[in-house]
Every structure is written in C-alpha cells, then in structure tokens.
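Everything below concerns the one structure shown next.
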Amino acid sequence: MTERKNKISASIMCADLLNLSGQIKELEESGIDMLHIDIMDGSFVPNLTFGPDFVNAIKKITKLPLDIHLLMDHPRVILRSMNFDSRDIVTIHAECKESIMENAAFVKQRGARFGLALNPDSSIEEIKKYLPYIDVVLLMLIIPGFAGSSLIHGIMEKVGETRRFLDTHHFDNIEIAVDGSVSPERARYMRDLGATIFVGGTAGIFKKEKALKETVKNFNLQIND
C-alpha cells in the first residue's frame, strides 16, 4: 500500500482577508502544508468567492502549494486563466456540466495534480471511469457554499467506503481529501478511515481566540501522532 503523509490545507475563505498576506506568513511559519482556495460561481453553489486574479496574486506571495477547489458548473475558462504548477492540486466537481476528461487533461498538462470532488449526496461510483486520471478525491462533508456549515450526520463513514473502493480497484495511489467542518478530532477519526488531506477552516484552524501557530500545532498532533 502507498505510504502517505497527512497534510493540512488551510481554507483561505475563512482567513482574515483584510490581513491576508500577514495570515499567510503566519501559516507558513506554523508549518501548514498548503492553502485551500475555493472558487465559487454563484450557480453551482449559492455563493461567490475568489477568481483567477486572486489565485495569481497568492502565487506571487507564497511558495506554499495551492489546493485550488473550483465549485463551478463551468470551470474550463477559469482553469485556463490561473497560474498553477506541479506543486499544486486543482480540483473540479464530478457534478459539473463540462467534460471531466478535458479539464483533467489540461490540469495534468500543466504538471499539477488533478482532484475530483464529490458532493455529499453523490456516490463514489461516479468517479469510477475517471480513476486513471485522478490524484485526489475530495469528499464534501457539508452542503458546499458557505464556511461554518454543519457536518452531515454519518458522512465521515464515506471516507472509509472511498478508501476501500479505491484500493479494491487498485488505485491505492489516489489520496482522499475531506472538506467541511473538519475539526482536529474529526480529522483524527477520518485519518484512521483513510483520509490524508484535511481542509481546515473555522472548525480547525481559524479560531478567533487562538493563534494560528497554536491551532495548526494542535491539528498536526491529531493527524500525525
């Protein structure tokens, strides 16, 4: 079985956007593994967040890998407007309205890792025909669109189901990422089920009463002990 390092991907939409460069520096110093950037179109989910210019600007101020998550019906144009490279993960949704294969090929041509995300009510079977092209499966644990949403009851068990599905089909190289209300304690539980990338937002990293170096350290202790 492939050996994997457990990693924290800090959700930028939960950061202090008026002090973003400062917070990114703090995250770098705390030992965070990557930055998770949600790009929403107001259609696939009822919210608008960042765009390609934002991603390109972040690229200029950090050497951290970017974990770019496109919650969009039509990600093609945005994908082709962003700067990303071999350090990064670029994820689109299995439920989008465009060709998964075409977008996956473009991401891989640029040298990045390709992720395919599943909403909570989508079956893991939906990714079966794309397995040879996937590097990361991102499982949504909440109804996507807004930070601070509640975890769906029983959804964490989907991590174990996904790990078994991937291993059974001989794709143990594919990592599992989890996103939505991921506390350090929940991350530890999902780590034991097979997740290796944990998107940390308000439930795990960005807590008003605690410093980032403290929350990242606590999170790391839960997933890497």
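The values are calculated or read from the model by the stated rules, or taken from the named source; none is laboratory data. In this text the structure is predicted, and so the values were computed from the model without any measurement. Cβ sites come from the backbone with ideal geometry, for glycine too, and all protein chains shown count toward neighbours. For the accessible areas, the whole protein counts, side chains as well, though only heavy atoms, and no ligand, DNA or RNA atoms are used. Shrake-Rupley method; radii C 1.70, N 1.55, O 1.52, S 1.80 Å.
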| task | Sort through Ile61, Ile78 and tell me the only one that's closer than 22 Å to Tyr130 by Cβ and modelled with pLDDT of 95 or more. | result | Ile78
| remark: For the range 1-25 the number of residues that are of a type in the set (A, V, I, L, M) and surrounded by fewer than 19 Cβ atoms within 10 Å (Cβ to Cβ) is 4
| Scanning the range 1-25 for residues that are in contact with a strand residue (DSSP E or B) (Cβ under 8 Å, 6 or more places away or on another chain) and among the hydroxyl-bearing types (Ser, Thr, Tyr), which turns out nearest to Asp53 (Cα to Cα)? | Ser11
| Looking only at residues in the range 71-99 that are surrounded by fewer than 18 Cβ atoms within 10 Å (Cβ to Cβ) and among the polar types (S, T, N, Q), which one is farthest from Pro144 (Cα to Cα)? | Ser86
| message | Every residue in the range 112-124 that is more than 14 Å from the chain's Cα centre (by Cα) and open to solvent by 40 Å² or more (accessible area, probe 1.4 Å), please. | response | Asp121, Ser123
| request: Among the candidates Ala177, Ala147, single out the residue that is among the small types (Gly, Ala, Ser), crowded, with 17+ Cβ neighbours inside 10 Å, touching a helix residue (DSSP H, G or I) at 6+ places or on another chain (Cβ under 6 Å) and at negative phi. | output: Ala147
| task | Of all residues in the range 26-65, count the ones that are over 18 Å from Leu138 (Cβ atoms), open to solvent by 40 Å² or more (accessible area, probe 1.4 Å), in contact with a strand residue (DSSP E or B) (Cβ under 8 Å, 6 or more places away or on another chain) and not aliphatic (A, V, I, L, M). | result | 2
| message | With the structure loaded, tell me whether Phe106 is modelled with pLDDT of 95 or more, more than 20 Å from Gly42 (Cα to Cα), aromatic (Phe, Trp, Tyr) and surrounded by fewer than 20 Cβ atoms within 10 Å (Cβ to Cβ) or whether it fails that test. | response | yes
| field | Flag if Ile68 is within 19 Å of Phe146 (Cα to Cα), touching a helix residue (DSSP H, G or I) at 6+ places or on another chain (Cβ under 8 Å) and buried (at least 16 other Cβ atoms within 10 Å of the Cβ) | value | yes
| request: Might you check whether a residue that is within 25 Å of Lys7 (Cα to Cα) and over 17 Å from the mean Cα position of the chain (by Cα) occurs anywhere in the range 83-100? | output: yes
| task | Considering only the range 1-96, give the helices (runs of 4 or more DSSP H) lying wholly within it that have at least 1 residues that are within 26 Å of Glu125 (Cβ to Cβ) and either touching an Asp or Glu at 6+ places or on another chain (Cβ under 8 Å) or not polar (S, T, N, Q) (or both). | result | 76-79
| message | So if I check each of Phe206, Phe171, Phe219, Phe198, which one is of a type in the set (Phe, Trp, Tyr), at negative phi and under 14 Å from the mean Cα position of the chain (by Cα)? | response | Phe198
